[in-house]
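Novice: Pasting a structure here, questions to come.
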Amino acid sequence: MDVVLPVLDEAEALPWVLGRLPAGYRAVVADNGSTDGSAEVARRHGAGIVVHEVRRGFGAACFAGLRAATADVVCFMDCDGSMDPRDLPRVAGPVLAGEADLVLGARRVAQRGAWPLHARLANRVLVRELARRGGPRLEDLGPMRAAGREALLALGIEDRRFGWPLEMVVRAHRAGWRLAEVGVPYREREGRSKVTGTVRGTVRTVRDMAAVLA
């Protein structure tokens, strides 16, 4: 099992994340231009593959990691310590069992301040708009997810910014995939947030995802 970890300056969280990967789960770290030595930290702490993606963007890093992966089923998760890799088997399980084609980890706040109000509200709006436009009815566009590698590549996801997670869901739904959600704890991240932990980052994310919906 390969786990794609998009990374941008996550040297502080990487040792904890890599150290908690379950047996049989290989880390594929996609470094997106880190300046804090994240790639070197990943190698020292047992990452199976480290790739460098010079094109900046969350989706660009995820796509680079997906292309570098070789396992039949691939997981994705944030590498900031907000999600526990030990929850990965619960997310990947339905895919491995042939019960679902794409499984998303629906975030459950486990620590105060883990999921800022503005980020939760933005997520809620996007989920509702997705359903209103005929998409799947989901609780969360969670960053921890699992699906078949070859099938993901065949979806032809084009977004290379923050619209990547939503476009994956939209294209999978249109392709007739079986989607499922499982609850996963969501904790306060390590270090300073660059995306949904800030209002500016949330605005960028909503902008990119709105473009996908359009």
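The values are calculated or read from the model by the stated rules, or taken from the named source; none is laboratory data. Remember, it's a predicted structure, so these values are computed and weren't measured experimentally. Note that we place each Cβ from the backbone using ideal geometry, even for glycine, and neighbour counts take in every protein chain shown.
Novice: Kindly list, by first and then second residue, each pair from a residue in segment 16-29 that is assigned to a helix (DSSP H, G or I) to a residue that is small (Gly, Ala, Ser), limited to pairs with Cβ atoms under 7 Å and residues at least 6 apart or on different chains.
Specialist: Trp16/Gly81; Val17/Gly81; Leu18/Ala27; Leu18/Ala42; Leu18/Gly46; Leu18/Ala47
Novice: Another question about this same structure. Among (1) assigned to a loop (DSSP other than H, G, I, E, B); (2) touching a Lys or Arg at 6+ places or on another chain (Cβ under 8 Å); (3) crowded, with 18+ Cβ neighbours inside 10 Å, where does Gly33 come up short?
Specialist: Going through (1) assigned to a loop (DSSP other than H, G, I, E, B); (2) touching a Lys or Arg at 6+ places or on another chain (Cβ under 8 Å); (3) crowded, with 18+ Cβ neighbours inside 10 Å one by one, Gly33 breaks only (3).
Novice: Filter segment 138-165 for residues that are touching a Pro at 6+ places or on another chain (Cβ under 7 Å) and either within 18 Å of Ala214 (Cβ to Cβ) or aromatic (Phe, Trp, Tyr) (or both); which is surrounded by the most Cβ atoms within 10 Å (Cβ to Cβ)?
Specialist: Looking at the filtered set, the residue picked out is Pro165.
Novice: Go through segment 72-102 and report how many residues are β-branched (Val, Ile, Thr), more than 19 Å from Phe58 (Cα to Cα) and not in a helix (DSSP H, G or I).
Specialist: Counting residues in segment 72-102 that are β-branched (Val, Ile, Thr), more than 19 Å from Phe58 (Cα to Cα) and not in a helix (DSSP H, G or I) gives 1.
Novice: I need a count of the residues in segment 112-148 that are outside any helix (DSSP H, G or I) and either out of contact with any Lys or Arg (no Cβ under 7 Å at 6 or more places or on another chain) or within 13 Å of Ala180 (Cα to Cα) (or both).
Specialist: The total comes to 19.
Novice: Tally up the residues in segment 49-71 that are surrounded by 19 or more Cβ atoms within 10 Å (Cβ to Cβ), small (Gly, Ala, Ser) and either touching a helix residue (DSSP H, G or I) at 6+ places or on another chain (Cβ under 7 Å) or not in a helix (DSSP H, G or I) (or both), please.
Specialist: 3
Novice: Which pairs do you get when a residue that is farther than 12 Å from Val184 by Cα, found in segment 84-110, comes within reach of a residue that is of a type outside the set (A, V, I, L, M, F, W, C) and not in a helix (DSSP H, G or I), reach meaning Cβ atoms under 6 angstrom, with the pair 6+ apart or on two chains?
Specialist: Here the result reads Ala100/Arg178; Asp101/Arg178, each pair linking segment 84-110 to a residue that is of a type outside the set (A, V, I, L, M, F, W, C) and not in a helix (DSSP H, G or I).
Novice: Quick check on Val41: is it modelled with pLDDT of 95 or more, surrounded by 14 or more Cβ atoms within 10 Å (Cβ to Cβ) and in contact with a Gly (Cβ under 7 Å, 6 or more places away or on another chain)?
Specialist: no
Novice: Do we have any residue at all in segment 140-157 that's out of contact with any helix residue (DSSP H, G or I) (no Cβ under 9 Å at 6 or more places or on another chain) and within 28 Å of Asp72 (Cβ to Cβ)?
Specialist: Looking for residues that are out of contact with any helix residue (DSSP H, G or I) (no Cβ under 9 Å at 6 or more places or on another chain) and within 28 Å of Asp72 (Cβ to Cβ), one finds at least one in segment 140-157, hence yes.
Novice: Under 8 Å between Cβ atoms, at least 6 apart or on separate chains: pull out the pairs that start in segment 67-79 with a residue that is among the aromatic types (Phe, Trp, Tyr) and end on any residue that is assigned to a loop (DSSP other than H, G, I, E, B) and surrounded by fewer than 16 Cβ atoms within 10 Å (Cβ to Cβ).
Specialist: Pairs that qualify, where the first residue is among the aromatic types (Phe, Trp, Tyr) and the partner is assigned to a loop (DSSP other than H, G, I, E, B) and surrounded by fewer than 16 Cβ atoms within 10 Å (Cβ to Cβ): there are none.
Novice: Could you check how many residues of segment 136-172 are in contact with a strand residue (DSSP E or B) (Cβ under 8 Å, 6 or more places away or on another chain) and of a type in the set (Gly, Ala, Ser)?
Specialist: Residues meeting the conditions: 5.
Novice: How many residues does segment 1-12 hold that are in contact with a strand residue (DSSP E or B) (Cβ under 9 Å, 6 or more places away or on another chain) and either small (Gly, Ala, Ser) or without any contact (Cβ under 8 Å) to a residue 60 or more places away in the chain (or both)?
Specialist: Total meeting the criteria: 0.
Novice: For segment 104-124, does any single residue satisfy the condition of being over 18 Å from the mean Cα position of the chain (by Cα) and within 23 Å of Leu153 (Cβ to Cβ)?
Specialist: No, segment 104-124 contains no residue that is over 18 Å from the mean Cα position of the chain (by Cα) and within 23 Å of Leu153 (Cβ to Cβ).
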